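This report concerns only the one structure given below.
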């Protein structure tokens, strides 16, 4: 039995339908990241689970209990917010201790628990500081410590890294999994940053249009998205989307024919291609040629114009243009990019056929027919 389950949960505010029969199951000790664009209902979902709001329909269960209409204080839930929500008149120690005092824990036990939590979060040296004397990173860890101190069965994290700087976000993406595993709690982590979702989730639940579009391991969602909307949410730069046509066991795309490994319904389609699946070279001998075997994949050469190269940390993004004016984004290492010409030069884009993803014109995933 799942530790937390949402069954056909719906919530609306006047005419605005936020959640429409959304279902989700989470195992004990699992970290699930709820990921989606701004305004898709992520925070509303947390408020329903926490008991701050009640659903209009559906059921929420924790363990073997129906908690749909249970008061928040009886749900054994901890919560940390993006705006920290610390008590300004209390020290970091007293902020972390506040849920323990509310439960009637004794002084010696409180001190030991607060120091244990602060040590794991590396804020034991600022426990006697007021929030105004803390950095944003220390405030964020104090807020997280308060949520964890009472050892909740379920921890809800509402975009907790949104208001900290880029360096701290990077550090916490590394540290948070260690801290959460140490507490052995079940976690729902909300974010609109796909990199956080990929880094922190045992599974990622993509929330869009009032329900979960896909729930799976991060690598599966990236490599094998269920629809085009999901594919577009993951990746920087975003996925290339091109019009194609399936016919006679191949897909026709940008004047090339890519042989298909399975049986697909013939007709128009949309083809998604990640920028890292395009290799750019100065050698034009393969352009327009028959497919070339490269290891366990096949690549096709397409003559394009290299319009721009933009450094992006250790990667570079290339803007390519086909002869008929279509634009493609590709990526490579900055060392590779330094060997390419600058400014409207002819190059060859080698496309890995095995990385093509197929969708219907409306965006639903196309998969091979069962043999």
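The values are calculated or read from the model by the stated rules, or taken from the named source; none is laboratory data. All values reported here derive from a predicted model rather than from experimental measurement. With ideal geometry, Cβ positions are generated from the backbone for all residues, glycine too; neighbour counts draw on all protein chains shown.
Yes/no matrix, rows are residues, columns are (1) assigned to a loop (DSSP other than H, G, I, E, B); (2) touching a helix residue (DSSP H, G or I) at 6+ places or on another chain (Cβ under 7 Å); (3) over 13 Å from residue 209 (Cβ atoms):
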residue	(1), (2), (3)
11	no, yes, yes
19	no, yes, no
33	no, yes, yes
43	no, no, yes
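Restricting the stretch 19-40 to residues that are over 30 Å from residue 182 (Cβ atoms) and at pLDDT below 95, the residue that is farthest from the chain's Cα centre (by Cα) is 39. Where helices (runs of 4 or more DSSP H) fall wholly inside the stretch 112-223, the ranges with 1 or more residues that are closer than 23 Å to residue 96 by Cα and assigned by TED's automatic domain parsing to the domain that holds residue 12 are 136-149, 166-183.
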